[in-house]
Amino acid sequence: MWNFLFAAVDLFNVAPFVRASTGTGTGTGGDSNTNTNGDTYKMYDPSLVEHRHCVVARKGRFFAFDFVTESGDPMGVDSLEWNLEKCVQMADDADANDNANANAHSKKMELGWLTSSDRDSWADAREEMLRVGGVETQEALTLLESGALLLCLDEEEPFSKKQCADVFWTGDLTSGGNRWFDKSIQLFCTKNGKAGLQGEHSMMDGMPMIAFADYITEQSYASAQKKTNERDHVNEHVNASQSQSEGGVQDIFAKSYPLLESGDSKVQSMIRKAKSDFHTLVSEHEQYVQSFQGYGSNFIKKAGYSPDAYAQMAIQLAVYRLHGKQVGTYEATQMRPFLHGRTETTRTVSKESSQFVKRMGQIANFNDDVAAIYEKKTLLQNAVNSHAKYIGNAGKGKGVDRHFFGMAMLADEKDKMPDLYSDPLFIRSKTWRVSTSHLTHKNIENWGFGEVVPNGLGIAYAVKSDCCIFNIAARKEHGWTEKFSHLLEEALLEMKVLHDASPTSKL
């Protein structure tokens, strides 16, 4: 499945403008780029005049306009609104023209689908675009790839966390073509004002996503309008109409569409295949959201536990009851204090977590006697403490998995790998059937990612003050997501009973 993170951001108390038209941020930091010689990334200097633009996706078409002035200041709110409305109008007009004219060159030329393919297929499609599209298409791709922001305006009107997750993870079956998956970050806004962002994982981790979301949600429409008014007061000769005309809105691929459909072009057939493959892949997966409202970090901390480690033990208990055993479980641990640091692995399966889940058993029991409750509570405390210690060491560079990975990367193709790397137990131990990660932010309602092995689960979670949110993803054929959600809720309730029924509880 795609190696993407997505997040549903709560913007409803931030800005009416953002709700009406929010999009994705990336570009200047470097975007993924593919060609037949291999994947690369490109860096674009935002101080250069040719990199002052953002990109807007609407109905599978891509538009660009400058959103920073020549002096380096953001365009005024009125100007931004005008340009965004122009993008919507141009996309809607082109769509109406396509429907009225079956011979329109741009009809169904939804190039975004191509970026959803596997990397080799997309590389081939990009080469084909350049072959038949020539200089015009090269310039169009450069304009799109160098955009500082990619803003996707979607037609969907999702309401639930599950519905938002489907749209923000992949674009679902309706808006997958309104994406450019090479971009490091994409921001989304739906027709009814739900907003989210997606990070392509080779260039993006959870913490930068959180920092970006935090910055966005700290900005209000009122403060942006106030800054605009103050700047316009100082520069009275600059008005909205002048700002609006500065560069204008450009349909990025307008000149390329006729070329991409001419002669022996294979682009249309490549789009059809990419779209078909995308629909197959999306249809083979499912997500389920466990929005547990029983309690959150307030209770967990008062009970004397690390919220993250406590949530991990709930996941382990649910996994044990789903599969009848524990399986390789990965938790991403941040290594950001180190130069170029990204993540290390925290292994949740331990002697202590094994003792805890086995004592809890395959079936939930809410009527234990005092001795059993005390024993289970002690094992839970031991498991949580062990996990917290492991994650603390991993964050200090004392994990094992990146070390093993580094040694494997240093080996030459002619070198004989140590026997450890072919040991069945070692291979099993790093087959991550449960891939987990924790991000909690006050303005992120939900977030998630896919499984990393075909018979696995992808579990993203947030432990908020009074609730816990888990996004569960897996292949649909297994039928695991809803069942796991139930087992997870059951585990959280049963773990709380250990404290509510304990005679030594301070709560």
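The values are calculated or read from the model by the stated rules, or taken from the named source; none is laboratory data. In this text, all values refer to a predicted model and were calculated from it rather than measured experimentally. Note that we place each Cβ from the backbone using ideal geometry, even for glycine, and neighbour counts take in every protein chain shown. The accessibility values were calculated without ligands, DNA or RNA, using every heavy atom of the protein model including side chains. Shrake-Rupley method; radii C 1.70, N 1.55, O 1.52, S 1.80 Å.
In a simple Cβ point-charge model (Lys, Arg +1; Asp, Glu -1; nothing else charged), the chain has a dipole of about 2100 debye relative to its Cα centre. For residue 349, the residues whose modelled amide H falls within less than 5 Å of its own, excluding neighbours fewer than 5 places apart on the same chain, are 329. The Cα-based radius of gyration of the stretch 369-507, divided by its Kirkwood radius, gives an Rg/Rh of 1.05. Relative to the longest principal axis of the Cα atoms of the chain, helix 267-283 runs at roughly 20 degrees.
Translational diffusion coefficient of the stretch 426-469 (Stokes-Einstein, Kirkwood radius from Cα pairs, 4 °C, 1.567 mPa s): 111 µm²/s. Which links in 59/275; 325/351; 194/255; 42/255 stretch past 21 Å when you go from one Cα to the other? Pairs exceeding 21 Å: 194/255; 42/255.
The amide H of residue 450, built 1.01 Å from its N in the peptide plane, has 4 as neighbours under 5 Å, considering only residues 5 or more places off or on other chains. Size descriptors for the stretch 48-151 (Cα atoms only): Rg and Dmax, in that order, 15.5, 45 Å. Distance between the pseudo-spin-label points of residue 427 and residue 362 (7 Å out from Cα toward the beta carbon): 2.8 nm. Within the stretch 320-421, the GluC sites (Glu not before Pro) that combine a DSSP coil assignment with at most 10 other C-beta atoms in a 10 angstrom radius are 413. At an R0 of 35 angstrom, the distance between the Cβ atoms of residue 409 and residue 455 translates into a FRET efficiency of 0.85. Name the residue from 410, 422, 383 whose Cα lies farthest towards the positive end of the charge dipole of the stretch 316-451, charges +1 on Cβ of Lys and Arg and -1 on Cβ of Asp and Glu. So the residue we want is 383. Only helices enter this figure: runs of n ≥ 4 DSSP H residues, each worth -39500 (n - 2.57), summed and divided by the residues of the chain, yield -13500 deg cm²/dmol at 222 nm to the nearest 500. Remark on the stretch 121-173: hydrodynamic radius 13.7 angstrom, per the Kirkwood mean of 1/r across alpha carbon pairs. Taking the charge dipole of the stretch 52-179 about its Cα centre, with +1 at Lys and Arg Cβ atoms and -1 at Asp and Glu Cβ atoms, the residue from 123, 144, 168 reaching farthest to the positive side is 123.
When a 1.4 Å probe is rolled over the protein heavy atoms, the share of accessible surface on the chain that falls to carbon and sulfur comes to 53 percent. Excluding same-chain neighbours fewer than eight residues apart, the lysines reachable from residue 416 by a Cα-Cα span under 21 Å are 430. Under conditions of 25 °C and 0.890 mPa s, the stretch 91-230 yields 142 µm² s⁻¹ as its translational diffusion coefficient, taking Rh as the Kirkwood radius over Cα pairs in the Stokes-Einstein equation. Protein heavy-atom accessible surface, 1.4 Å probe, per residue over the stretch 265-326: 39 Å².
Any idea what angle helix 307-323 forms with the longest principal axis of the chain, computed on alpha-carbon atoms, 0 to 90 degrees, nearest 10? The two axes meet at around 80 degrees. Helix 221-234 versus the longest principal axis of the chain: what is the Cα-based angle in degrees, 0 to 90, to the nearest 10? It works out to around 40 degrees. Label zone of residue 99 (point 7 Å out along Cα→Cβ, amide N under 18 Å): in the stretch 191-209 this covers 191. Using a probe of 1.4 angstrom and keeping all protein chains present, the accessible surface of the stretch 355-507 works out to 53 square angstrom per residue. Once you place label points 7 Å from the Cα toward the Cβ at residue 265 and residue 89, how far apart are they in nm? Spacing of the two 7 Å Cα→Cβ label points: 2.8 nm. Sorting the Cα pairs of the stretch 448-499 by distance into bins of 10 Å, from 0 upward, gives 23, 49, 24, 5 percent per bin. Using the alpha carbons alone, the radius of gyration of the chain stands to its Kirkwood radius in an Rg to Rh ratio of 1.01. Residue 289 contributes about 30 Å² of solvent-accessible surface, heavy atoms of the protein only, 1.4 Å probe. For the stretch 149-307, the mean projected area of the C-alpha convex hull, equal to one quarter of the hull surface, is 15.2 nm². For the stretch 284-433, the orientation-averaged shadow of the C-alpha convex hull comes to 12.4 nm² (one quarter of the hull surface).
When the Cα positions of 134, 465, 363 are compared along the charge dipole of the chain, 363 comes out farthest toward the positive end, with charges on each C-beta of Lys, Arg, Asp and Glu. The chymotrypsin sites (Phe, Trp or Tyr not before Pro) found in the stretch 133-199 that occupy coil by DSSP, while having at most 12 further C-beta atoms within 10 Å, are 159.
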